[in-house]
1. So which pairs qualify, if the first residue must be in segment A:52-73 and within 12 Å of another protein chain (Cβ to nearest Cβ), the second must be of a type in the set (Val, Ile, Thr) and part of a helix (DSSP H, G or I), the Cβ gap must be under 9 Å, and the two must be at least 6 apart or on different chains?
2. Could you say which residue among A:Ala143, A:Ala97, A:Ala166, A:Ala85 is of a type in the set (A, V, I, L, M) and free of Cβ contacts under 8 Å to residues at least 24 places away in the same chain?
3. Answer yes if at least one residue in segment A:29-44 is β-branched (Val, Ile, Thr) and within 14 Å of another protein chain (Cβ to nearest Cβ), and no otherwise.
4. Select from segment A:285-304 the residues that are part of a strand (DSSP E or B) and at pLDDT below 90 and write down the one among them that is farthest from A:Phe273 (Cα to Cα).
5. Only one of A:Val290, A:Val230 is farther than 15 Å from A:Lys328 by Cβ and outside the structural domain of A:Lys27 (by TED's automatic domain parsing). Can you tell me which?
6. Given the criterion touching a strand residue (DSSP E or B) at 6+ places or on another chain (Cβ under 6 Å) and assigned by TED's automatic domain parsing to the domain that holds A:Met200, identify the matching residue among A:Leu176, A:Leu156.
7. Taking into account only those residues within segment A:86-132 that are under 22 Å from A:Arg73 (Cβ atoms) and hydroxyl-bearing (Ser, Thr, Tyr), which is nearest to the other protein chains (Cβ to nearest Cβ)?
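The values are calculated or read from the model by the stated rules, or taken from the named source; none is laboratory data. Only a predicted model underlies this, so the values are computations on that prediction, with no experimental measurement involved. Cβ coordinates were reconstructed from backbone atoms using ideal geometry, including for glycine residues, and neighbour counts include every protein chain displayed.
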Amino acid sequence: MAIVETRGLRKHFGDVAAVDGVDLASKEGEFLVLLGPSGCGKTTLLRLIAGLEQPTAGEILIGGQVVNGLPPRARKIAMVFQSYALYPHMTVFNNIAFPLKAQGMSPEERKKKVEWAASLLGINRLLHRFPRQLSGGERQRVALARALVREPSIFLLDEPLSNLDAQLRASARDELQQFQRRIGTTTVYVTHDQVEAMGMGDRISVMYQGKVRQIGTPQEIYHEPADTFVATFLGSPPMNLVERKDYLLGFRPEHFLPKDIASVQDKTVTFQFRVTRVEYLGADRLIYGVVAGANGESKAISRLSATLTFPIEPGKGYDFLIRSQDLKFFDKATGLRTGPKLL
Amino acid sequence: MTNLKGGLSRTPVYGIVTLFAIFAALPFFWALITMFKEDSDLYTPANNPFLYNLPPTLEHLELLFFRTQFLRFVFNSLFIGALVVVITLVVAVPAAYSLARLTGRWGEQLGIAIFLVYLVPPTLLFIPLSRVVAILGLQDSLWSLVLVYPTFTIPFCTWLLMGFFKSIPRDIEEQALVDGYTRLGALVRTVLPLSIPGILTVVVFAFTLTMHEFIYALAFVSVSAQKTISVGVTTELVRGDVFFWQSLMAASVLVAIPVALLYNLFLDRFVAGMTLGAVKG
C-alpha cells in the first residue's frame, strides 16, 4: 500500500492545458474519486499517474518516491480502463495471468494466483472463456482480477462502470466498493457520474478545466462547496444561485420549502416564489419557478418529497423559505465561496 | 413457392456470375488443354482448339522440365519470394506500427507519401536502380532482385499494415504497458497476435508481387541459372520467332495453380485485409 501524490502537475497538449497545476495527495488505503465533466482533465491526470503520459511540469510521487521518469511497468500500479482492455486473443485465465508472466512467475504459482483472484471476484467458472463470450459485468470483473493479481500499491480505475447498464451499475458500484475495502489498496477512481462519486468515494476531488476545484469528503463537497462550479456540478437538480447586488446566494433545492408546511425553529429567509412548472418524479416533486434577484428574476428549483402533499399550481406565487444555515454565499466575480453576508 | 420465386429472381445474377467465371477460367482451361497437345494438332487451324484431335502427349512437359532450367526458375522465384517476404515484414511491421501509433497526425501523411512511392512505375525506376545494382556488383545475380523488390513491397505493405495497427485499440497496448511489459513486449504479445490477418495479407501480397514481377527481373538478370519464373519461361521458351506454346502453357499453369490455392486459403482474411487497409489507411 502507498499513497499517491502530485505536485504542481501540468500536462499541455499544444495550447491546451489538460492538467493545469494539480496538487493532490491521497491517504493510505483511501478510495479517492476524481470527478468532473468530460474534458476536465481527470483521465489525463490518471494517465499521468499511470505513466502513460509524460507531464509537462510537476512531480508525481507514489509511496513517497518520484516516479516521473519511470515507465508504467515500474510504478507498481494497476489500471482498469474504461473499455476494460481485455486481450481478445487470450482466455480469461491467460488475461489474468498476463501481468504475472511479465514478472517471470512460475506456471504453478501463476495458476495459484489466478485462481485466488478469480475466486475473490467469483469468476472461477469463466477462466477458460474468451472475452467475447463474456457479459459486460463479467468483463469488468476479469479486468479487476487482472489488476488485482499484480498486488499493486495503487489501483487506477478509469470509469470502469460506464459500460454497464443502469441496473448492473448499481450492484457493481456496491461490489467494487466492498472489494476495495476488503483489499485496502489505495484507489484513484475517475468518473463523471456524481452518484458514483458520492456513493463510493472516501474523498472526492472535483476537477474542472484542468484544475482541482475542491477536494473533500462527499458531505463536504455537497454541503460546503468551494465555488459555484462545485455547487452546481453536484446535486440533481443543482444548487440554486440567486443574484444579489454584490454576491451570489446559493441554496439546495431540497432546502427550499413552502413556508406553510415547513416547521422550523431556526432562523429562516423567505422568498416570494412564482411557480412556472411542476414535475412529478415519483418519490419527489420538482417545482420550477422564479424568485426576485438583483437584476430582475432568477430561476430556482425546489425539491419536495412526495410525502409532502401540499398543493402547488403553476402560475401562482407562494412563500418559500430556507434556513439561514443552509444559505451559501459566493463572490460574484470569482465564483469562490465567501463568508455569510447580511441579507 | 417463395424459394422458387427467389431462385428465379436471382437467375440473372447467377447468369452473370457463371459468364464471368467462364471468362476468368477460360485461359487456364485453354492452357491446360494446350499443354498436352501434339504440334500437328495445335498448328492445324481446322482443329477445335478445345478438343484433342490427336492423342495427348507429355513431350512438352519433358522439354520444360529437362531441357530448360524450369525447376531452377521456380526455385529462384520461391527463394527470392521468401527472402523478400521476410525483409518486407522485418521493415514494414515496425514502420507501420510507428507510423500508426507514434507520430500522430504526421503518421497519416507519411503513410500516404510512402504509398505514393509504390505508384512510381518500375519502367521508370529500373533506370536509376540499374546503376545501384551495377555499383553494388549485383548484375546477373538474383540478389539484385532480393535488393530491389522490397522497394515496392515495403511501401505497399507498410501502408496496408498501418490500417491494421490503427484498428487495434490503443487501450489494449497500454494495458500491456501497465501490466509490466515494455513497448516492444506489448507489440509482440498483444498487437502482433491481433494483427495476424494483416500480416498474412502482407505475406501473400509481397509474395505474389515478387512472383509476377517482370521488368526488374528482365533488366537485371540475363544468366539462365539466375532467372525467375516470369522472365525465365518467356525468354527460354520463345526463341526468336519460335514459340514453344505447349511448354509455355504448361509453365504458366504449373505456377499459377499453387498461387491460386494459396490465395484461396487466405481469401477471406485477404479481402478483410484489403478493405481494412482501404478504409483505415
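1. A:Leu52/B:Val178; A:Glu53/A:Thr44; A:Pro72/B:Val178; A:Arg73/B:Val178
2. Residue meeting the stated conditions: A:Ala166.
3. yes
4. A:Gly296
5. Being farther than 15 Å from A:Lys328 by Cβ and outside the structural domain of A:Lys27 (by TED's automatic domain parsing) holds for just one of A:Val290, A:Val230, which is A:Val290.
6. On the way: A:Leu176 fails: touching a strand residue (DSSP E or B) at 6+ places or on another chain (Cβ under 6 Å).
Within the list A:Leu176, A:Leu156, the selection yields A:Leu156.
7. A:Tyr87
Conditions tested, residue by residue: (1) touching a Pro at 6+ places or on another chain (Cβ under 7 Å); (2) among the aromatic types (Phe, Trp, Tyr).
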| residue | (1), (2) |
| --- | --- |
| A:Phe271 | no, yes |
| A:Val275 | yes, no |
| A:Arg285 | no, no |
| A:Ala300 | no, no |
| A:Ala306 | no, no |
| A:Leu321 | no, no |
